[in-house]
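Report on the following structure.
The values are calculated or read from the model by the stated rules, or taken from the named source; none is laboratory data. Remember, predicted model here, so these are calculated numbers, not experimental data. Glycine also receives a Cβ, built like all others from the backbone with ideal geometry; neighbour counts cover every protein chain displayed.
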Amino acid sequence: MSLRTRFALAFALVAVVVAGLVGFLSYRAASDRTTDEIDRSLRATSAAVAAGQTEVLEPVVVPRGRGHGGGYGGGYDTGDAGDGEHGHDDDQPLVGQLVHPDGTVRFLGGREETLPVSATDRSLAASGSAGATASRDVHVDGADYRMLTTALGDGQGALQVATDADESERVLAGTAISILWVTAVVVLVAAAAGWLLARRITRRLVRLAGIAEEVSASGVVEREVPVHGRDEVGRLSASFTTMLARLAAARESQDRLVQDAAHELRTPLTSLRTNARVLRRLDELSPEARARLIDDVEGETRELSKLVEELVELALSRQGNEVDEPVDLAAVAERAAERVRRRTGRRIEVLVEDGVVPVRGRPRALDRAVTNLLENAAKFDEGRSEHLEVRVGGGRVAVADRGPGIAPRDAERVFDRFYRAVAARGLPGSGLGLAIVRDVAERHDGVVFAEAREGGGACVGFTVGAGRFLPGSEPAHTEDSPTAPSMGGTATTTPGVP
């Protein structure tokens, strides 16, 4: 069942409930009002008969042909004799009789009918106080009556007056039919309005569903979804457009990564194939040539392994499966520095500046970014300085070295995948380390930077967006960094392993 049909049925159901309830209450109100009017008329008639004015029970001029529930015929009748067996009795809606204390009745006037006497009526006639009444609906000789019994008191019995209720019932029946017709019309109108409204509401949803099906079938995500309005559907359209844009960007990035990886893998693989062909003539080579060949193969293999590892690391970092949690950047920098110290034997100094705050981020990704910065600095520094520096302040991490520095033309591109500056082309590396740093920074709402260092060298690092800062204890007090330096510009210096 479509959403439009559901909307239409829902509107129709609501209309049925509302119209039915209103109709029922209207019918009950009309019925109660009619009954109250009849009872008021009967009380007035009973008072007149009790005062001796029995002429109020006499026939009145009514259309000919009206009987106990009959309709109207042609001509009129004044109630005179000669109109048939019943005379004017058939034209008189009132009946009056007196109930004696012993339960016997005496006809007083009006239509010649004998009204039923119940136990309540006998009780009112025998011992009821004057003016006490009881009313009910009765059925006599095929006709419905509304009857009122009034006690006369002092042993005088009770007076019963009844009026033909057929006309009132016909009016109420007509009212009920009118209510049913109005209810049916309201239901149809509500269903039609629900259908039109549902069509208007779901039109944009249908368009979104069509675009989603088209994207699913064709795989083409470069689509722009028209956005109309600021309601929930408009927000959904905007979110859908954003999602498609991100999918397109992710696919483009993935395609570019695959193309760049294929390009970078081609060089070591070509070298390995060349060396493999040379190995076929291993017996013809001198010992020095064999050693150079083996060193070349080992170097290319290491470079190829490093490239594959960084490709995997870059792909995993973009998946973003790691959960955000409170992170102490000072502790992350200290752990990364300790790891690089063991690998390189270099002396690394971690400086924690005033204003450092815990952030909400991904610990392993941030650790990887700081590690890549340190390894990159260690590779370019080549022992030119006594130590490398890591500065942590606020949401900023910067690693400084005394290497050849970064040329202004390379500063904007050193974070691109597989980009190798002129000064770095003779050094080992795949050109993915700083690309991973940029990816981590972007995923933490930050930016990367590379700038010249005063006195020579470079300062490379990244920031974490201010929206990820967390209020809390100082990093020195966190459980994750029991050895983290305190605030205020102090430094932790650890010599490398000789």
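Going by the conditions given, is E300 farther than 18 Å from V258 by Cα, modelled with pLDDT under 80 and either part of a helix (DSSP H, G or I) or touching a helix residue (DSSP H, G or I) at 6+ places or on another chain (Cβ under 8 Å) (or both)? Taking the combined requirement at face value, the residue satisfies it.
Inside the range 439-460, residues that are buried (at least 19 other Cβ atoms within 10 Å of the Cβ) and without any contact (Cβ under 8 Å) to a residue 40 or more places away in the chain make up a count of 1.
In the range 161-180, is there at least one residue being closer than 20 Å to A47 by Cβ and in contact with a helix residue (DSSP H, G or I) (Cβ under 7 Å, 6 or more places away or on another chain)? Yes, the range 161-180 contains a residue that is closer than 20 Å to A47 by Cβ and in contact with a helix residue (DSSP H, G or I) (Cβ under 7 Å, 6 or more places away or on another chain). Scanning the range 373-395 for residues that are among the polar types (S, T, N, Q) and under 13 Å from C459 (Cα atoms) gives a single hit, N376. Among the criteria (1) more than 30 Å from V14 (Cα to Cα); (2) touching a residue at least 40 places away in the same chain (Cβ under 8 Å); (3) surrounded by 12 or more Cβ atoms within 10 Å (Cβ to Cβ); (4) of a type in the set (D, E, K, R), the one D141 does not fulfil is (3). Considering only residues of the range 115-131 that are surrounded by 16 or more Cβ atoms within 10 Å (Cβ to Cβ) and of a type in the set (A, V, I, L, M, F, W, C), which is farthest from P93 (Cα to Cα)? Taking the candidates together, the pick is A126.
Looking at the range 326-341, is at least one residue modelled with pLDDT of 85 or more, assigned to a loop (DSSP other than H, G, I, E, B), surrounded by 15 or more Cβ atoms within 10 Å (Cβ to Cβ) and of a type outside the set (K, R)? Explain how you work it out, then say what you get.
Narrowing the range 326-341 to residues modelled with pLDDT of 85 or more: 326-341.
Pick out the ones that are also assigned to a loop (DSSP other than H, G, I, E, B) and you get 328.
Right, trim to surrounded by 15 or more Cβ atoms within 10 Å (Cβ to Cβ) and you get 328.
Those still in the list that are of a type outside the set (K, R) too: 328.
Yes, the range 326-341 contains at least one residue that is modelled with pLDDT of 85 or more, assigned to a loop (DSSP other than H, G, I, E, B), surrounded by 15 or more Cβ atoms within 10 Å (Cβ to Cβ) and of a type outside the set (K, R).
Of the residues that sit in the range 143-197 and are within 30 Å of Q53 (Cα to Cα) and hydroxyl-bearing (S, T, Y), which one is nearest to the chain's Cα centre (by Cα)? Filtering first and then ranking leaves S168.
Checking the structure you have, find out if any residue of the range 338-353 is within 17 Å of R438 (Cα to Cα) and touching a strand residue (DSSP E or B) at 6+ places or on another chain (Cβ under 7 Å). Walk me through how you get there before you give the answer.
As a first pass, look at the range 338-353 and keep what is within 17 Å of R438 (Cα to Cα): none.
Checked against the condition, which is being within 17 Å of R438 (Cα to Cα) and touching a strand residue (DSSP E or B) at 6+ places or on another chain (Cβ under 7 Å), the range 338-353 yields no hits at all.
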